[in-house]
Amino acid sequence: MIPRGYPKINVPPNPRVKNYHPDLSPMTEEQVAQELLGLMGGWPRQIDNRLYIIRGGNPCELRSSAAVCSWISRSLCEMLYFLSGPGYVPKTGVRRVLLAHAEPITMEELLRICQSQTDAQPGSGQ
């Protein structure tokens with residue numbers, strides 16, 4: 001049963017990427033961030049109030065919530081199921097929420113990770 005005041009919608013039985021609990025009550029911003037960071041293996045990382053991932057062996061900045069949601073959806077081959085209404089973290093707030101909780105990293109560390117991934121590729125001479 002959906003608690004009073006919560007949206008009445010059809011949602012899949014157990015989507016991985018969501019902003020609500022099984023009873024459809026809203027997750028806190030910290031819970032959403034931890035859920036997303038857990039699903040994405042701790043990525044994105046934060047450098048100077050900017051979010052970065054590695055794409056094609058290079059650093060890539062995620063400049064908007066739309067870019068973050070698109071990256072998550074593509075990476076997991078799954079849609080994001082975000083409910084809207086009072087108390088729910090909106091998709092437009094995903095970047096802000098992740099910025100507040102993403103692990104900081106330096107650009108030098110990020111470039112080192114990029115290089116180590118490139119070196120481990122077949123045909124890279126290793």
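Collect the residues in segment 70-123 that are part of a helix (DSSP H, G or I), among the β-branched types (Val, Ile, Thr) and either within 19 Å of Gln34 (Cα to Cα) or in contact with a helix residue (DSSP H, G or I) (Cβ under 9 Å, 6 or more places away or on another chain) (or both), keeping them in residue-number order.
Ile72, Thr92, Val94, Val97, listed by residue number.
Give segment 51-75 a look and list any residue that's in contact with a strand residue (DSSP E or B) (Cβ under 9 Å, 6 or more places away or on another chain) and among the β-branched types (Val, Ile, Thr), or say none.
Ile53, Ile54, Val68
Yes/no per residue for (1) at pLDDT 95 or above; (2) within 21 Å of Ser116 (Cβ to Cβ):
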position	(1), (2)
Val32	yes, no
Arg45	yes, yes
Gly56	no, yes
Phe82	no, no
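Anything in segment 76-101 that is surrounded by 18 or more Cβ atoms within 10 Å (Cβ to Cβ), in contact with a strand residue (DSSP E or B) (Cβ under 8 Å, 6 or more places away or on another chain) and hydrophobic (A, V, I, L, M, F, W, C)? List them, or say none.
Leu80, Phe82, Leu83, Val89, Leu98
The values are calculated or read from the model by the stated rules, or taken from the named source; none is laboratory data. Note that the structure is a prediction, hence the values are computed from the model and not measured. Quick reminder, even Gly has a Cβ in these numbers, built from the backbone with ideal geometry, and neighbours come from all protein chains shown.
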